[in-house]
1. Is it the case, given these coordinates, that B:Gly410 is over 30 Å from B:Glu581 (Cβ atoms) and in contact (Cβ under 8 Å) with a residue 60 or more places away in the chain?
2. Inside segment B:596-640, can you point out the residues that are within 14 Å of chain A (Cβ to nearest Cβ), modelled with pLDDT of 90 or more and touching an Asp or Glu at 6+ places or on another chain (Cβ under 8 Å)?
3. State whether the residues of segment B:443-466 include one that is charged (D, E, K, R) and without any contact (Cβ under 8 Å) to a residue 60 or more places away in the chain.
4. Regarding A:Thr94, is this residue modelled with pLDDT of 90 or more, surrounded by 22 or more Cβ atoms within 10 Å (Cβ to Cβ), in contact with a Leu (Cβ under 8 Å, 6 or more places away or on another chain) and away from chain B (no Cβ under 12 Å)?
5. Identify, please: which residue in segment B:641-652 is in a loop (DSSP other than H, G, I, E, B) and surrounded by fewer than 19 Cβ atoms within 10 Å (Cβ to Cβ) and is, among those, nearest to the other protein chains (Cβ to nearest Cβ)?
6. Do we find that B:Asp586 is acidic (Asp, Glu) and either under 31 Å from the mean Cα position of the chain (by Cα) or outside any loop (DSSP other than H, G, I, E, B) (or both) in this structure?
7. Select from segment B:307-339 the residues that are under 22 Å from B:Gly241 (Cα atoms), at pLDDT 90 or above and surrounded by fewer than 20 Cβ atoms within 10 Å (Cβ to Cβ) and list them in ascending order.
8. Just to be sure before I move on: is A:Thr109 in a strand (DSSP E or B), among the hydroxyl-bearing types (Ser, Thr, Tyr) and crowded, with 16+ Cβ neighbours inside 10 Å in the structure I sent?
Amino acid sequence: MTRRVWIAAMLCCAIAAQAAAHHSFSAEFDINKPVTMTGTVTMVRWSNPHGWIYVDVKDANGKVVNWAFETAAANQLYRRGWRPDDIPTGTVVTIDGWLARNGTPMANTDTLLLPDGRKLLGPAAAAGPPSP
Amino acid sequence: MADRMVTKILIVLLGATLLAPSAVEGQGDVQPTNTLPNPYRTVENYFTMPEGRTWGSTSAVEIDKDGRSIWVGERCGVNSCAGSTLPSILKFDASGKLVKSFGGGMLLFPHGIHVDRDGNIWVTDGQDNAPRPPGTQANTLAGPPPGATKGSQVFKFSADGKLLMTLGAPGGAAAPGYFYQPNDVLVAPNGNIFVSEGHGGANSRILKFSKDGKLIKTWGTKGSGDGQLDGPHALAMDSQGRLFVGDRSNNRIVIFDQEGRQLAVWRQFSRPSGIYIDKRDVIYVADSESESVSRNHDGWKRGIRVGSARDGSVTAFIPDPVDKATGTSAAEGVAADADGNIYGAEVGPRALKKYVRAQGVAAAPAIPRTPDGKPDLQGIWQVRNRAASDLEDHVARYGMPAGRSVVQGGTIPYQPWAAAKKRENFEQRATADPLAQCYLPGIPRIMYMEFPFQIFQTRDDVAITFEWQQVFRMIYTNGSRSPTSLAFWMGDSRGHWEGDTLTVDVTNHNDRTWFDMAGNFHSDALHVVERYTMVDADTIRYEADITDPRVFTRPWTISMPLQRQKDMTRVLEYQCRAEMEEANGDFKPDSRTWYQGASHRAAAAVTQQARAAAPANVAGTLRRMPDGKPDLSGLFQADAGGANWGFEPHSEPFTPGGRGVLVDPPNGGLPYQPWAKEEKQNRNLPERGYDDPTAHCFAGGVPRSLYVPSPFHIVQTPAYVVILLERMSWRIVPLDGRPHLPDTMRLWQGDSLGHWEGDTLVIQTTNLNGKTWLNEVGDVVSHAETVVERFTPTNADTIQYEATVNDPIVYTRPWTIGMPLKRQAGDLLEVACLEDNLDLQHLKDIRDGSKQ
């Protein structure tokens, strides 16, 4: 018991904490392939068990590719104050995340940065422990 | 009137003496129903008029939306309000106290009254103010004599007396846009308005209006034949939506559908001046004229007859205390409140009387009630009809047995484009039906899917747990409103009690569910109002008003009984999607962990001892139930310490970190058997991500369901603790000391039984199927798993949770995790998981890619 408390105390401030995940991140995404991309939102899929934000991103050759970024669950976003129309189509966003293992233009979101500076967190970092 | 009566008397006498029943009307030879028991005691002077005012004539009495208050149309101390400014519309509370009055100077002769679903008050004004020289034969007129400027109208008032609508122009006439002598008014559940017209005048008919007062159709001419009416004095509607017309001068009730098709003729309720049908289809019929006004009905006694609107039986009779009368006597209008008390509105005696059941006499079918007096809906229920196949009349198709319509009026009023879309749905139903994918069925469909469900009821909520896919509904009855505009598959349900009826407002629908297998559908503009009314201890009348202006031309209503499932003591599971994926090979058995039948290696019969629990250290004040037990109810979420990503301390940057939740063994590591340790490590390979059942959106199992990062709502009654898991699954925990299911029964969420040890709720779970993982890193359990969970509230908002898992196939010894459960603000939302699960295909691609 003592040890557990000690460990909890050590970790408390570093814990990314509860995520909305319902599947293994490491199975679907590759920890060794972090990415940062900027593009224009084309669609927001407000859904559970994960939401998805689709973003047009220009690649090195100038070709536009529509990327899918997995976010936290809609319910989790909702409880943190987000609403389905908070990120309208056309918003320019910058995403930090990890590439999917299946080779498609898809990534898991770590953070999604909005023009006004707000950050929408991804599944693994969606927020702290439940309130209160 | 006299000459017509002679003819009628002859007809009746012939019918009665020669026993020649009328083939057209049926029941032509029915014998007087005068000798039935009278289980009622009359209460006179129950209602108190204001100082200085005495009761005049009244034929208009009705029960408020609340099921208890009484509305009356009273004729200003005499038998007409002409020249008076006294308010004629009066509302009394259940104690007989006048609580509201309005309508002064507006009506000449309040005659019929009705309260609609929304609580609005409708009143007919049955006379006009045209001068009538002595000797005028008003009854032969088609309209009033010249000079009518007032009367013969129908008024709609709000409950606080604001005039909302009038039907018919003032004064009345036999012309379009007018009534002459409107007797009664009734608003159907879908808002259509019915008016019965003709109090002896040359007209005699029913008028049907749309909700906004547009005339849709009329039917009936004056006469005594089939389809004819003579003085349609009263209107009522039963739970099937059948319109009962008191065809008074023909001494009969004629039953129509809402399109005017005649369905039946009943004579056994005598000469109907007033009809009332309550929510349980008990019918009350007032006869104020037999042997007095009308000598064509000699042999029948005046009074109130009580019976069944379903089968037409007459079971009780309250006779007029006046034996011989020469005019109207006893009640003309009748109504009955939610407790079955009857109110009779009398024109001749100028009184409103109350009739209560005398002690010791069998009342209306007894229904169970909760301690706070509400009908107790709890138990296991199921429909016995074919609405799941098609709400409308339908012939059989493969997988869709034939069945009759549960739609009032028979058909669904589609807009033309929507009718075409429905036909397209029907053709595509094998794949397009959301249920073909085991998606959430929506409301109302889940209620009539022929799968049992269990209702749990507290003061603040009504929870329904369904066998099908472990769907649940949370109906908040605490007065709250939907806090969100989000759309859900199962909508947002808020209930309230209207008398003995639970009325549930279901909003926030998406546009992805259907009503049935036939492709009947709606848009996300759908609004459903459900009504649950206990008819007897084993039957709930279920009705749902369906409104969707984008798809239908008008609102419509379904109605059906829910039957108590007496052969079942618990609802099991039908995990539709899991069964589908197992059947088609998308989710494969693992012989090491899954239960594979009684011949399989028997789970070590362990009578598991929970870890010796420390005495509950209760710091704050606990919430408690009336019986003194801790009240665990409410929305909670585990402060789970990352348990869904491992029980041991972990801090990988990619997945959520964990503080370590193992409290036993003390070294903080799971006591694996070697094979299982290897399996756990194997599960961390990317190609095994697909194998986690929660990646398929299957149930989390025990204890995982409590520490996945989603909240759950605990519903607690004296007999059950029910855990509604936001990821759309449930655990029902009986506290009644019953035995576990036989070992051969295996379930995703197991068989949980609970008991109290002091302030700790202890739940023992067995009969698990071994298909679940303990978390995303693949900690292993098998079908030998048994779990003892301890819920110890430590203050009003925190429950200390411990789970001891024993699984001798997987582990060398039992182990225990612990974490606090914390009360959350807000309501349950909905996780429609497999409906929007894009990840599974990705995981499948990775699995299949690694095989190449």
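The values are calculated or read from the model by the stated rules, or taken from the named source; none is laboratory data. These numbers were taken from a predicted model, which means no experiment stands behind them. Neighbour counts run over all protein chains shown; Cβ positions are idealised from the backbone, glycine included.
1. Values: over 30 Å from B:Glu581 (Cβ atoms): yes; in contact (Cβ under 8 Å) with a residue 60 or more places away in the chain: yes.
Considered against the rule, which asks whether it is over 30 Å from B:Glu581 (Cβ atoms) and in contact (Cβ under 8 Å) with a residue 60 or more places away in the chain, B:Gly410 comes out as yes.
2. Of everything in segment B:596-640, just one residue is within 14 Å of chain A (Cβ to nearest Cβ), modelled with pLDDT of 90 or more and touching an Asp or Glu at 6+ places or on another chain (Cβ under 8 Å), namely B:Leu635.
3. Taking segment B:443-466 and keeping what is charged (D, E, K, R), we get B:445, B:450, B:459-461.
Keeping just the survivors that are without any contact (Cβ under 8 Å) to a residue 60 or more places away in the chain gives none.
Checking segment B:443-466: not a single residue is charged (D, E, K, R) and without any contact (Cβ under 8 Å) to a residue 60 or more places away in the chain.
4. Values: modelled with pLDDT of 90 or more: yes; surrounded by 22 or more Cβ atoms within 10 Å (Cβ to Cβ): no; in contact with a Leu (Cβ under 8 Å, 6 or more places away or on another chain): yes; away from chain B (no Cβ under 12 Å): yes.
No: the conditions fail for A:Thr94.
5. Checked segment B:641-652; the qualifying residue nearest to the other protein chains (Cβ to nearest Cβ) is B:Ser651.
6. Values: acidic (Asp, Glu): yes; either under 31 Å from the mean Cα position of the chain (by Cα) or outside any loop (DSSP other than H, G, I, E, B) (or both): no.
In short, no.
7. B:Ser308, B:Val314
8. On the way: in a strand (DSSP E or B): yes; among the hydroxyl-bearing types (Ser, Thr, Tyr): yes; crowded, with 16+ Cβ neighbours inside 10 Å: yes.
Answer is yes for this residue.
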